[in-house]
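> First, the structure itself, so that you have it in front of you.
The values are calculated or read from the model by the stated rules, or taken from the named source; none is laboratory data. Computed from a predicted model, the values in this text were never measured in an experiment. Neighbour counts run over all protein chains shown; Cβ positions are idealised from the backbone, glycine included.
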Amino acid sequence: MMKTNIILLIVFALLSNGCGNKSKDETDNRQNKKITQKLHIEDYDFSVMNNNSFIIYNKAIYQRGDEVYFVLKNVGPFARGKDSLNRAEMKMEILNAIGETVAYKDKLFGERGHADFNNNILKQPYASYSTDRKDEIGKYTFKVTVYDLISGDSTSVSDDFYIE
């Protein structure tokens, strides 16, 4: 019991001193390193458009000829550039059931991605895919990647939808 208490005291002493063997330079370097926050997507939904508004479409089942909207919620935080503006870009991929790319679009934001995002957050970016009467019935994957062009960070999200 006494031996266990001594070992615990030694471990506690080492932990409270940062393991005791770090030099002042190592500690200073660690404190001077910039901590970068990763881009984060709070949530997303499949949606349909009605009167220029998104309506959440929880079923993710579409008919050939429908427009599939993939709406992200609160993406960020984005870094600010020297001009005090944010720079974002987004791409989308549609994959069929066997993983083949059937649609691809990049540079979805263009100049709109160079702006002042409120609190460095994009509130509701989206991508869309126009299904075609020739699309095969079955499962598809909608994949979206968002890029912070200032920090170099990126984040992706994907989910399945179905065409019947």
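> Might you let me know whether region 70-80 holds any residue that is at pLDDT below 95 and not polar (S, T, N, Q)?
No: region 70-80 contains no residue that is at pLDDT below 95 and not polar (S, T, N, Q).
> Which ones in region 36-64 are closer than 19 Å to Thr141 by Cβ and either small (Gly, Ala, Ser) or in contact with a Pro (Cβ under 8 Å, 6 or more places away or on another chain) (or both)?
Answer for region 36-64, where residues must be closer than 19 Å to Thr141 by Cβ and either small (Gly, Ala, Ser) or in contact with a Pro (Cβ under 8 Å, 6 or more places away or on another chain) (or both): Ser47, Ala60.
> Follow-up. If you check Ile10, Ile98, which single one turns out to be more than 23 Å from the chain's Cα centre (by Cα), modelled with pLDDT of 50 or more and of a type in the set (Val, Ile, Thr)?
Ile98
> Going through Ser53, Ser84 one at a time, which residue ends up being in the same structural domain as Thr141 (by TED's automatic domain parsing), modelled with pLDDT of 95 or more and loosely packed, with under 10 Cβ neighbours inside 10 Å?
Ser84
> Are there any pairs with C-beta distances below 6 angstrom linking a residue in region 148-160 that is closer than 25 Å to Asp116 by Cβ to a residue that is among the hydrophobic types (A, V, I, L, M, F, W, C) and at pLDDT below 95, with the two at least 6 apart or on different chains, and if so which?
Once the first residue is closer than 25 Å to Asp116 by Cβ and sits in region 148-160, its partners that are among the hydrophobic types (A, V, I, L, M, F, W, C) and at pLDDT below 95 give Asp148/Leu39; Asp153/Leu39; Thr155/Leu39.
> Can you tell me which of (1) modelled with pLDDT of 95 or more; (2) under 17 Å from the mean Cα position of the chain (by Cα); (3) surrounded by 11 or more Cβ atoms within 10 Å (Cβ to Cβ) is the one Asp43 doesn't meet?
The single condition Asp43 does not satisfy is (3).
> Then there is this: List the strands (runs of 3 or more DSSP E) inside region 99-164, counting only whole elements, that have at least 2 residues being aromatic (Phe, Trp, Tyr) and exposed (fewer than 13 other Cβ atoms within 10 Å of the Cβ).
It comes to none.
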